[in-house]
Structure formats: structure tokens, C-alpha cells
Amino acid sequence: MFTPTQYKNEDINEIKDFLRSNSFGILINQVDGKPWATHIPLELDLDSSGNDILVGHIAKANPQWKYFQEDAQVLCIFNGPHSYVSSSWYTEEEVPTWNYIAVHVYGTLQIQTEAALLESLHKLVDKYEAGSKEPVSSRDMSAKTMRQIKGVVGFEIKVEDIQATYKLSQGREHDHPKIISELEERDAGSKAVADAMKKENTDN
């Protein structure tokens with residue numbers, strides 16, 4: 001994706017933390033010569049060799065999986081917080097803009113075995129049940145219930161390139177206090193952008 005130099009984030013540890021916290025992504029490949037996108041959890045993990053991978057699954061009813069090719073690159077998009085930024089918050093006249101965080105991951109895909117799919121589903125459920133008041137475990141579910149995995153296709157994407165854009169009013173640092181205070185009075189997305197701006201200011 002197009003990322004002006006001042007917005008490019010190359011802190012791989014920060015980006016990986018973002019991917020773990022914003023793992024509901026968009027998987028894109030070509031289906032009949034047209035772009036096809038599916039919104040699904042895509043979990044950052046490591047393969048047996050210690051390489052970064054994304055792990056996911058889609059329904060067999062979704063034709064996208066029939067076009068998975070091991071030598072073809074796919075794109076995964078992860079969206080973070082975003083917010084409109086009013087130029088009324090600036091000390092000098094300027095046009096309004098939009099602050100946001102987005103990460104694009106490119107890689108090649110391999111379909112999982114059923115055993116690998118089952119293990120990845122257990123890990124997925126465990127991750128998101130950890131904060132539940134009464135957590136459930138897919139490991140405790142009946143064979144009848146778990147037969148539903150026959151209806152999905154699991155896959156792993158070997159990560160080959162990560163592009164991260166953190167557009168957080170860089171170049172207007174003198175206006176940050178006002179921008180942050182205004183964002184903190186708006187919706188949840190705006191507040192999250194304010195938090196990201198404060199973190200960037202602290203790190204820098």
C-alpha cells in the first residue's frame with residue numbers, strides 16, 4: 001500500500017502486537033480473475049521452523065478456497081482505530097484529514113491438514129474464551145458438535161512482507177495536545193487514535 005515515509009512504521013514488535021490485538025482481518029485473493037475478500041480471524045503464529053505465519057479458516061461453501069494456489073501471493077488487511085481530524089484543532093489554517101492505523105500482510109498460502117486445522121481452532125477458542133466469565137473449550141465438545149469442522153478449510157499463510165501505516169498527525173506535533181484532547185471527547189475509535197498518538201509521543 002502507499003505509505004508516505006513519515007507514516008511508515010517499521011517497529012516489527014509493535015506491528016506484531018497490533019496484529020495480535022486486531023486479528024479480525026480481510027483475506028484477499030483472485031477468484032475467476034476478480035478480487036475476492038473474506039472477513040475472518042487471522043491469527044499470528046509461528047510454524048515449526050519459527051517463521052511468522054497467519055492461521056485462519058473459511059467455510060467450504062465459500063468458493064474462495066477453491067482458488068487457493070500455493071505459489072500465488074495473497075493479501076491480508078488489518079484495520080486499527082481511525083478518526084476524522086478537524087483542522088479547527090490546528091493553530092494554523094489547513095485542510096482536515098483522517099488519522100488511522102492499518103497493516104497489510106502479503107504471503108503464500110498452504111491448506112492445513114484436518115489435524116492442524118483442529119489444533120488451530122482449539123487455540124483460537126482458547127484465546128478468545130480466556131476473558132469469558134464461564135469459558136468453554138472446544139476440546140470438551142462432543143464429536144458430533146466437532147464434526148462441523150468438516151465444513152471448513154484451514155490454511156496457513158507464510159508471511160513474506162508486512163507494510164504498516166500509522167498516520168497519527170506526524171509533522172503537526174505542536175498541535176498534538178489539542179488534537180488528542182478533542183479526540184478524547186469523541187467516539188471509541190477517536191479515543192483509541194488519541195491513545196495511539198500519546199504512545200507514539202512517549203516512544204519518540
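Here, each number is a calculation from the coordinates, and none is a lab measurement. Quick caveat: nothing in here was measured; it's all calculated off a predicted structure. In this analysis, Cβ positions are derived from the backbone assuming ideal geometry, glycine residues included, and neighbour counts consider all displayed protein chains.
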Requested in this report: Using θ = phi - 60° and the Karplus relation 6.51 cos²θ - 1.76 cosθ + 1.60, list the HN-Hα couplings for the range 134-143 in order, rounded to whole Hz, with x at every Gly or Pro.
Outcome: 10, x, 9, 10, 5, 5, 8, 7, 5, 4
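Does the chain come out rounded, prolate or oblate by the C-alpha gyration tensor, with a ≥ b ≥ c the root eigenvalues, rounded set by a/c under 1.5 and, if not, prolate when a/b is larger than b/c and oblate if not? Before the final figure, lay out the partial values.
Values: a/c = 2.45, a/b = 1.82, b/c = 1.35.
It comes out prolate by the Cα gyration axes.
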Report task. Work out which trypsin sites (Lys or Arg not before Pro) in the chain are exposed loop sites (DSSP not H, G, I, E or B, at most 16 other Cβ within 10 Å) and give the longest gap free of them. Result -> 61-132
Query raised in the report: So for 46, 109, 183, 118, fewest C-beta neighbours within 10 Å to most, what's the order?
Result: 46, 118, 109, 183
Report summary line: Other residues with Cβ under 15 Å from the Cβ of residue 4 give, with Lys and Arg +1 and Asp and Glu -1, a net charge of +2
Query raised in the report: Here are some pairs, 66/133; 158/198; 123/158; which of them have Cα atoms lying more than 29 Å apart in this structure?
Result: 66/133; 158/198
**Report entry** Within straight-line cross-link reach of residue 199, lysines at Cα separation under 18 Å, skipping those fewer than 8 residues along the same chain
**Finding:** 8, 16, 167, 178, 191
Report summary line: Taking the alpha-carbon centre of each part, the distance from the range 1-34 to the range 126-204 in Å is 12 Å
Query raised in the report: Among 95, 68, 159, which residue has its Cα positioned farthest towards the positive end of the charge dipole of the range 5-172, with +1 placed on the Cβ of Lys and Arg, -1 on the Cβ of Asp and Glu, and the dipole taken about the Cα centre?
Result: 68
